[in-house]
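**Student:** Just passing along the structure, written as C-alpha coordinates.
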Amino acid sequence: MVPPPRHEPERAHPGEGGLVGGDAAVRIAGVRSPHPGQSTLDDFAEDRGVRDEIKDVVLIEMAGDSVLALEGGWATMARTRYVEFAYDWKDAWGEPARGLRPVVQKMHRLGHTCYWAGDGKLWRLTECWQDFYSYKSYAFLACANRHLAPKLSEEMERTFRETIGVSTIRK
(Lines give C-alpha, C1' and ligand atoms only; values in the text may rest on other atoms or scores of the structure.)
Protein backbone atom coordinates (compact mmCIF):
# COMPACT_ATOMS: atom_id res chain seq x y z
CA MET A 1 0.00 0.00 0.00
CA VAL A 2 1.35 3.34 -1.00
CA PRO A 3 0.03 6.36 0.94
CA PRO A 4 -2.40 8.63 -0.92
CA PRO A 5 -0.72 10.61 -3.71
CA ARG A 6 0.30 14.15 -3.04
CA HIS A 7 -1.78 16.68 -4.91
CA GLU A 8 -2.34 20.37 -4.88
CA PRO A 9 -5.71 21.34 -3.42
CA GLU A 10 -7.78 23.44 -5.78
CA ARG A 11 -7.81 26.40 -3.38
CA ALA A 12 -4.18 26.30 -2.27
CA HIS A 13 -2.39 29.60 -1.84
CA PRO A 14 1.31 29.58 -2.78
CA GLY A 15 3.51 29.58 0.31
CA GLU A 16 0.49 29.32 2.59
CA GLY A 17 -0.83 25.82 2.09
CA GLY A 18 -4.49 25.22 1.47
CA LEU A 19 -7.69 23.58 2.56
CA VAL A 20 -10.48 22.28 0.40
CA GLY A 21 -14.00 21.56 1.54
CA GLY A 22 -15.72 18.70 -0.22
CA ASP A 23 -12.76 16.38 -0.57
CA ALA A 24 -11.21 18.30 2.34
CA ALA A 25 -7.53 18.00 1.49
CA VAL A 26 -5.08 20.05 3.51
CA ARG A 27 -1.55 20.92 2.47
CA ILE A 28 0.47 22.86 4.99
CA ALA A 29 3.68 24.60 4.09
CA GLY A 30 3.64 27.76 6.17
CA VAL A 31 1.28 27.33 9.13
CA ARG A 32 3.69 26.61 11.89
CA SER A 33 3.41 27.65 15.45
CA PRO A 34 1.19 27.58 18.51
CA HIS A 35 3.03 30.68 19.75
CA PRO A 36 1.10 33.94 20.36
CA GLY A 37 0.69 36.10 17.28
CA GLN A 38 1.18 33.22 14.85
CA SER A 39 -1.52 31.20 13.18
CA THR A 40 -1.95 27.51 14.05
CA LEU A 41 -3.21 24.66 11.93
CA ASP A 42 -6.48 24.67 13.89
CA ASP A 43 -6.82 28.44 13.28
CA PHE A 44 -6.10 27.81 9.61
CA ALA A 45 -8.97 25.29 9.41
CA GLU A 46 -11.28 27.60 11.37
CA ASP A 47 -10.49 30.59 9.13
CA ARG A 48 -11.37 28.56 6.04
CA GLY A 49 -14.61 27.23 7.48
CA VAL A 50 -13.60 23.56 7.57
CA ARG A 51 -12.87 23.14 11.28
CA ASP A 52 -15.69 20.64 11.78
CA GLU A 53 -15.31 18.80 8.46
CA ILE A 54 -13.57 15.46 8.17
CA LYS A 55 -10.34 16.05 6.27
CA ASP A 56 -9.11 13.32 3.91
CA VAL A 57 -5.42 14.27 3.94
CA VAL A 58 -3.14 16.62 5.85
CA LEU A 59 0.41 16.90 4.49
CA ILE A 60 2.76 18.92 6.67
CA GLU A 61 5.76 19.89 4.57
CA MET A 62 7.84 21.86 7.02
CA ALA A 63 10.72 19.50 7.90
CA GLY A 64 12.12 20.48 11.31
CA ASP A 65 9.15 22.59 12.31
CA SER A 66 6.39 20.08 11.55
CA VAL A 67 6.08 19.44 15.29
CA LEU A 68 4.90 23.05 15.68
CA ALA A 69 2.14 22.53 13.13
CA LEU A 70 1.11 19.32 14.90
CA GLU A 71 1.03 21.01 18.31
CA GLY A 72 -1.22 23.72 16.95
CA GLY A 73 -3.41 21.27 15.09
CA TRP A 74 -4.56 18.49 17.40
CA ALA A 75 -8.27 19.23 16.74
CA THR A 76 -7.58 19.07 12.99
CA MET A 77 -5.59 15.84 13.36
CA ALA A 78 -8.51 14.22 15.22
CA ARG A 79 -10.76 14.91 12.21
CA THR A 80 -8.33 13.77 9.50
CA ARG A 81 -8.17 10.38 7.83
CA TYR A 82 -4.48 10.46 6.75
CA VAL A 83 -1.62 12.64 8.03
CA GLU A 84 1.92 12.79 6.70
CA PHE A 85 4.73 14.80 8.27
CA ALA A 86 8.50 14.95 8.45
CA TYR A 87 10.52 14.16 11.57
CA ASP A 88 13.84 15.98 11.75
CA TRP A 89 15.88 15.79 14.92
CA LYS A 90 16.97 19.41 14.58
CA ASP A 91 15.01 22.67 14.67
CA ALA A 92 11.87 22.45 16.84
CA TRP A 93 12.04 18.64 17.09
CA GLY A 94 15.43 18.98 18.78
CA GLU A 95 14.12 21.08 21.66
CA PRO A 96 14.14 19.20 24.98
CA ALA A 97 10.39 19.68 25.57
CA ARG A 98 9.47 18.14 22.21
CA GLY A 99 10.00 14.69 20.85
CA LEU A 100 8.72 12.10 18.46
CA ARG A 101 7.45 9.68 21.10
CA PRO A 102 4.95 12.13 22.69
CA VAL A 103 3.68 13.06 19.21
CA VAL A 104 3.15 9.40 18.25
CA GLN A 105 1.39 8.80 21.58
CA LYS A 106 -0.86 11.84 21.10
CA MET A 107 -1.71 10.77 17.54
CA HIS A 108 -2.59 7.32 18.92
CA ARG A 109 -4.96 8.90 21.46
CA LEU A 110 -6.57 10.80 18.56
CA GLY A 111 -7.17 7.51 16.73
CA HIS A 112 -4.14 7.37 14.44
CA THR A 113 -1.61 4.62 13.89
CA CYS A 114 1.71 6.07 12.73
CA TYR A 115 4.44 4.46 10.63
CA TRP A 116 7.87 5.33 9.28
CA ALA A 117 7.13 5.67 5.56
CA GLY A 118 9.59 4.07 3.16
CA ASP A 119 9.56 3.27 -0.53
CA GLY A 120 6.56 0.94 -0.60
CA LYS A 121 7.28 -0.12 3.00
CA LEU A 122 5.93 0.89 6.40
CA TRP A 123 7.33 0.36 9.91
CA ARG A 124 4.86 0.93 12.74
CA LEU A 125 5.80 3.24 15.61
CA THR A 126 2.42 3.20 17.39
CA GLU A 127 2.57 0.63 20.18
CA CYS A 128 5.92 -0.60 18.80
CA TRP A 129 8.15 2.14 20.20
CA GLN A 130 11.89 1.54 20.43
CA ASP A 131 14.11 4.08 22.22
CA PHE A 132 16.45 4.36 19.23
CA TYR A 133 13.57 5.91 17.21
CA SER A 134 14.42 9.19 18.96
CA TYR A 135 18.00 9.19 17.69
CA LYS A 136 19.02 11.92 15.32
CA SER A 137 17.46 11.17 11.98
CA TYR A 138 15.27 12.54 9.23
CA ALA A 139 12.25 10.58 8.07
CA PHE A 140 8.63 10.83 7.00
CA LEU A 141 5.77 9.51 9.08
CA ALA A 142 2.44 8.41 7.68
CA CYS A 143 -0.52 8.13 10.05
CA ALA A 144 -3.96 6.68 9.36
CA ASN A 145 -7.01 7.28 11.52
CA ARG A 146 -8.34 3.88 12.55
CA HIS A 147 -11.88 5.23 13.06
CA LEU A 148 -12.24 7.56 10.07
CA ALA A 149 -10.31 5.44 7.56
CA PRO A 150 -10.55 1.80 8.65
CA LYS A 151 -9.81 0.34 5.21
CA LEU A 152 -6.73 2.53 4.79
CA SER A 153 -5.63 1.61 8.33
CA GLU A 154 -6.00 -2.09 7.55
CA GLU A 155 -4.07 -1.74 4.30
CA MET A 156 -1.26 0.17 6.00
CA GLU A 157 -1.09 -2.47 8.73
CA ARG A 158 -0.97 -5.20 6.06
CA THR A 159 1.92 -3.36 4.38
CA PHE A 160 3.70 -3.11 7.74
CA ARG A 161 3.32 -6.85 8.33
CA GLU A 162 4.66 -7.56 4.84
CA THR A 163 7.58 -5.20 5.48
CA ILE A 164 8.61 -7.10 8.61
CA GLY A 165 7.89 -10.51 7.05
CA VAL A 166 4.78 -11.41 9.03
CA SER A 167 1.83 -12.35 6.86
CA THR A 168 -0.75 -12.96 9.60
CA ILE A 169 -1.39 -11.76 13.12
CA ARG A 170 -1.82 -14.47 15.73
CA LYS A 171 -4.59 -13.92 18.25
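**Student:** Could you order Y133, Y138 by accessible surface area, starting with the largest, using a probe radius of 1.4 Å?
**Tutor:** Final ranking, largest accessible area leading: Y138, Y133.
**Student:** Considering only protein heavy atoms and a 1.4 Å probe, what is the carbon-and-sulfur percentage of the accessible area of the range 45-133?
**Tutor:** Carbon and sulfur together cover 46 percent of it.
**Student:** Would you mind working out the accessible area per residue for the range 79-122, using a 1.4 Å probe, and quoting it in Å²?
**Tutor:** Here the residues of the range 79-122 average 45 Å² of exposed surface.
The values are calculated or read from the model by the stated rules, or taken from the named source; none is laboratory data. What you see is a predicted model; the values in this text were computed from it and never measured. Keep in mind that these areas ignore ligands, DNA and RNA; they rest on the heavy atoms of the full protein, side chains included. Shrake-Rupley method; radii C 1.70, N 1.55, O 1.52, S 1.80 Å.
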